[in-house]
Amino acid sequence: MNNLKGKTAVVTGGNSGIGYATAQQLIRQVAKVLITGRKHDQVMEAAKNLNAIGVASDQSDLSQITKLVKKASEDFGRVDILFINAGSFALVPFDHVTEEFYDDFLDANLKGVFFTLQKFLPILNDNASVILMSAGGTKASGAVGSSVYYITKAAINSMVRSLAIELAPRGIRINAVLPAAIDTPIFSKFGLPEEALPNLMNSLKDAIPLKKIGAASDVASLVVFLASDGSSFITASEYVIDGGLAVKPIF
């Protein structure tokens, strides 16, 4: 397939999980891809494996975002697809949340997302596609300890709806993907012993109507669709991809 031939794409947090799977699918469709990650060695190894451009960049640091945009401009000139996927995840009980944790988390998951898009705007092509990573839990009950995480993701959903109006005159579309129950390294951040993870996954499967855990490639396929001309009339939308987990059966 070469549906995205000649297109340029930036995938933040592209060195693992959903970001890596998305970069992989974009490249299969002949797009030119730049990925980011906070750890230099990891992002460079991922870029080598993908045949992509790799840039070490921390989304919570605005000066690094500026350098990222400069690098993308030098390598691509203009950008057609921007997938802002990078972010942090941690579970901290509400009464244990400190001001430092709150500020650091919002810097990475909200402030960083906002200013990444703002700083990329001058080099986005007209009719570009912007996809923001949100979370399926914003449409259902969150997990214990997830209050700060879901504050940032709910704000992402609101950002999509409001910025769609501002970006529309240039034909730039903006949408959000809201995954949940996806098999990615995020499960290792639940604070459970490694031997307890299989039980967690089995319990999750039982709660999902489709009775399976999603793969990073499932979310990547949705992102690639939203990046393509096949979604040219779609903007300001939120796509839950969770196997039906947010559905609450009555009986």
Residues of the stretch 85-104 being free of Cβ contacts under 8 Å to residues at least 60 places away in the same chain and either of a type in the set (Val, Ile, Thr) or in contact with a Ser or Thr (Cβ under 6 Å, 6 or more places away or on another chain) (or both), which ones?
Val92, Phe94, Val97, Thr98
Test: residue in the stretch 84-97 that is under 22 Å from Val223 (Cα atoms) and over 13 Å from the mean Cα position of the chain (by Cα)
no
Going residue by residue through the stretch 90-101, is there one that turns out to be open to solvent by less than 40 Å² (accessible area, probe 1.4 Å) and either among the aromatic types (Phe, Trp, Tyr) or touching a strand residue (DSSP E or B) at 6+ places or on another chain (Cβ under 6 Å) (or both)?
no
Within the stretch 169-214, restricting attention to residues that are open to solvent by 40 Å² or more (accessible area, probe 1.4 Å) and in contact with a strand residue (DSSP E or B) (Cβ under 8 Å, 6 or more places away or on another chain), which residue is modelled with the highest pLDDT?
Arg170
If you go through the stretch 215-251 one residue at a time, how many are assigned to a loop (DSSP other than H, G, I, E, B) and either modelled with pLDDT under 95 or within 21 Å of Ala143 (Cα to Cα) (or both)?
10
What is the residue count in the stretch 40-70 for residues that are small (Gly, Ala, Ser) and open to solvent by 50 Å² or more (accessible area, probe 1.4 Å)?
1
Any pair with Cβ under 8 angstrom, 6 or more apart, that starts in the stretch 16-39 at a residue that is open to solvent by less than 30 Å² (accessible area, probe 1.4 Å) and ends at one that is acidic (Asp, Glu):
Ala31/Asp80; Leu34/Asp75
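The values are calculated or read from the model by the stated rules, or taken from the named source; none is laboratory data. Keep in mind that what you see is a predicted model, and the values were worked out from it rather than measured. Neighbour counts run over all protein chains shown; Cβ positions are idealised from the backbone, glycine included. These area figures cover heavy atoms from the full protein model, side chains too; ligands, DNA and RNA do not enter into them. Shrake-Rupley method; radii C 1.70, N 1.55, O 1.52, S 1.80 Å.
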